[in-house]
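Notes follow the structure.
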Amino acid sequence: MEILNTVKTWVTGIAQVLVALVGLAVLAEIAFGQFLGEVSVVDNIIDIVSRFGERGFVGLVALFVVLHFTGDKK
């Protein structure tokens, strides 16, 4: 059981770092424009959110599930 707790801690830490990097990338793109060549972080986020919206109720449920698993557990 100790191994699973260690893996869970690592995965949670990595996910938090990735979320922070996405936030930093959004702020950098807003401040400096598109800095990753052809890739736009903001456009990709808008695309993901619009895909949830296109699916209607199923998309809303899927969005809640994603937010539940990525939300702060404090």
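Annotation for the chain: chymotrypsin sites (Phe, Trp or Tyr not before Pro) lying in DSSP loop with at most 15 further Cβ atoms inside 10 Å of their Cβ are F35. For the chain, the longest principal axis of the Cα atoms and the long axis of helix 41-54 meet at an angle of about 80 degrees. Put a plus charge on the Cβ of each Lys and Arg, a minus charge on the Cβ of each Asp and Glu, and nothing anywhere else: the dipole of the chain about its Cα centre is then about 340 debye. Here the convex hull built on the C-alpha positions of the range 18-73 has a volume of 83 cubic angstrom per residue. Computed from the C-beta positions of L18 and F57 and an R0 of 35 Å, the FRET efficiency is 0.75 to the nearest 0.05.
Among the GluC sites (Glu not before Pro) in the chain, those located in a DSSP loop and surrounded by at most 12 other Cβ atoms within 10 Å of their own Cβ are E38. Secondary-structure-derived ellipticity at 222 nm for the chain, considering helices only, amounts to -27500 deg cm²/dmol, per-run term -39500 (n - 2.57) for DSSP H runs with n ≥ 4.
Every read-out reported here was derived from the displayed coordinates using simple, explicitly stated rules and does not represent laboratory data. Keep in mind it's a predicted model, so treat the numbers as computed, not measured. Note that each Cβ is placed from the backbone with ideal geometry, even for glycine, and that neighbours are counted across all protein chains shown.
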